[in-house]
1. Could you grab the pairs with beta carbons closer than 9 Å, sequence gap of 6+ or different chains, first residue in segment 416-434 and surrounded by fewer than 16 Cβ atoms within 10 Å (Cβ to Cβ), second one β-branched (Val, Ile, Thr) and at pLDDT below 90?
2. Do we have any residue at all in segment 247-265 that's over 30 Å from ARG189 (Cα atoms), in contact (Cβ under 8 Å) with a residue 24 or more places away in the chain and among the β-branched types (Val, Ile, Thr)?
3. Can you say whether VAL198 is assigned to a helix (DSSP H, G or I), in contact (Cβ under 8 Å) with a residue 12 or more places away in the chain and within 22 Å of the chain's Cα centre (by Cα), as far as the supplied structure shows?
4. Hey, can you tell me all the residues within segment 224-250 that are in contact with a Leu (Cβ under 9 Å, 6 or more places away or on another chain) and either part of a loop (DSSP other than H, G, I, E, B) or surrounded by 22 or more Cβ atoms within 10 Å (Cβ to Cβ) (or both)?
5. Test PHE335 against the stated conditions and say whether it is touching a residue at least 12 places away in the same chain (Cβ under 8 Å) and under 30 Å from ASP62 (Cα atoms).
6. Give the residue that is surrounded by the fewest Cβ atoms within 10 Å (Cβ to Cβ), with candidates limited to residues of segment 32-89 that are among the basic types (Lys, Arg) and not in a loop (DSSP other than H, G, I, E, B).
7. Exactly one of these conditions fails for ALA357: (1) closer than 30 Å to MET101 by Cβ; (2) touching a residue at least 12 places away in the same chain (Cβ under 8 Å); (3) surrounded by 14 or more Cβ atoms within 10 Å (Cβ to Cβ). Give me its number.
8. Go through (1) assigned to a loop (DSSP other than H, G, I, E, B); (2) of a type outside the set (Asp, Glu); (3) within 25 Å of the chain's Cα centre (by Cα) one by one and return the number of the condition SER282 breaks.
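The values are calculated or read from the model by the stated rules, or taken from the named source; none is laboratory data. Predicted model only: the values in this text are computed from it and were never measured. Glycine gets a Cβ as well: all are built from the backbone with ideal geometry, and neighbour counts include every protein chain shown.
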Amino acid sequence: MQILLQTRKSGNAAGAFGSVERWFGRLARRKRLCILLAGLTVIIVRVALMPVLGLPEPGAHDEFSYLLAADTFAHGRLTNPTHPMRIHFESFHIIEQPTYMSMYPPAQGFVLAVGELLGHPWIGQVLVTGLMCGAMCWMMQGWLPPGWALLGTALVILQLGILSYWMNSYWSGSVVALGGALVLGAWPRLRRRPRMAVSLLMALGLLILANSRPYESLIFSIPFAVALLWRLFHSSRTECSALLHYAFVPICAALLCVAFAMAYYNYRITGNPWRMPYEVNSVTYAAPPYFLWQKPLPEVVYHHAVMRDFYRLMLERFERAHTLHGYLRLCLGKFVYCWWFYLQLVLALPLIALPWAVRREKMLLPAVSCAVVVVALAIETWTLPHYFAPAAGALYILVVQCMRELWHWSPGGRAIGRAIVRPIPLLVCAVICLRVIAVASHSPIEAGWPRGNQKRAAILRQLEKKPDGQLVIVRYAPDHDPNREWVYNRANIDQAKVVWARDMGTVNNRELLGYFAARKVWLVEADSAKPHLVPYAP
């Protein structure tokens, strides 16, 4: 009797899942609707959570640098003239000479500029994350059956689209993943039937990648270039002609235009079409090398102790990585950080079927693209999850394929695989709900929301309500954390309502006070428990 009851319960559960799966399958066959729903869902859900999660504020060095690029582009410029008081405004990941601009490629700044033109830079971040999820759905449909493609899209929305820092910050990691998804989605379609429209989408993906994460994107693109050349040399004359006319030539022509545009962008900022702003920043501040096999530059004379401390701290980490123990620890940290961001425990479970998934010829290219990016990250000095973003789509293709392999695993006639796979999306959704409930109930299970430097943002809002121009001199304590920076400015410093400057002492501050004589001057002790404005008195 007990066995009969257990069988009936199992059958009822399978029937409930079966009803949902059949509805899901009918929706999945409407492919264009699924792409639209994927993009809209992540936008609508995040906007609906605004009362709970709030509006993020910039906090990291990179975010402020991207926002400088955004403000520059939003005002119709590629860069800004060097400011005469530039020493007082020096900050991280920004070049001051020969022009004043972000050191990063322009894609992230362009996304935030769109948001700024629409009312707030974060709008651009929300929109590009929606585009990324829609592109992931289109990509999945090229590699997987409709139902599994929609399931993979749902996992991407839950894992990356709502609560990740790609949505809730100004790092714009979503734009990198968008480029990778376009490349991945275009390949199987070009392989089946070359078309100009699909080739241009692949070229757009490569353009986005080249202007967001150039190094990792180049490595990610190599397997696709090799696969395309292989197809050209191992196809019939008719197929080869179609690939040349509808894939190879359009992509190469588009990339040539991109190369000229990038060279012009570099020329306007650095004065040299072959010199990136990143290189100027690295030489100016003796930043630790990007790759572990490079040698560090001699230390320069810094104008500010906080910048000296930051680059010395980075150099110490770089030098620690040159010991075996330090390198292994660095690689372990990279692996854990990226694994937790993309997979966590629930999505890592299906990867037990990876050896069977990669045996399928179709899965070879996603597996190789993931592998080469992992190798590329292993020789970098620093790694954050969005460094792997070009291959994010390939990773989720492999995860879903592993779920398919498990789905058909039924040893002894028992559907064990289905019992493993079915709860996975529910568990991922439950984690999201748990985190949102914790935020709403003020339970400290993770860092507080809204994200970013809320103290600086509160002071900025206070100053923007005042009638005239304001100048804020920021003073740090001796034990200041150099990763918590306050001194960042708009693209046009002189026209900005609020200008942030470093405290350089009474004597050195005089030229700054003279230049901004018409502004009200404030002092902020940024490392105090409750930073507040105090009228500046030399």
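1. Note: pairs meeting the criteria are LEU434/ILE445.
2. Here is the first cut: in segment 247-265, the residues over 30 Å from ARG189 (Cα atoms) are 263-265.
Filter once more, keeping what is in contact (Cβ under 8 Å) with a residue 24 or more places away in the chain: 265.
If we keep only those that are among the β-branched types (Val, Ile, Thr) as well, we get none.
For segment 247-265, residues over 30 Å from ARG189 (Cα atoms), in contact (Cβ under 8 Å) with a residue 24 or more places away in the chain and among the β-branched types (Val, Ile, Thr): absent.
3. On the way: assigned to a helix (DSSP H, G or I): yes; in contact (Cβ under 8 Å) with a residue 12 or more places away in the chain: yes; within 22 Å of the chain's Cα centre (by Cα): no.
Criteria not met by VAL198.
4. Matches in segment 224-250: SER235, ALA247.
5. Working: touching a residue at least 12 places away in the same chain (Cβ under 8 Å): no; under 30 Å from ASP62 (Cα atoms): yes.
Here the answer is no, as PHE335 does not meet what is asked.
6. Step one: list which residues in segment 32-89 are among the basic types (Lys, Arg), which gives 32, 46, 77, 86.
Of the ones still in play, those that are also not in a loop (DSSP other than H, G, I, E, B) are 32, 46, 86.
On the way: ARG32: 10, ARG46: 19, ARG86: 15.
Top of the filtered list is ARG32.
7. In the conditions (1) closer than 30 Å to MET101 by Cβ; (2) touching a residue at least 12 places away in the same chain (Cβ under 8 Å); (3) surrounded by 14 or more Cβ atoms within 10 Å (Cβ to Cβ), ALA357 misses (1) alone.
8. Just one mismatch for SER282, condition (1).
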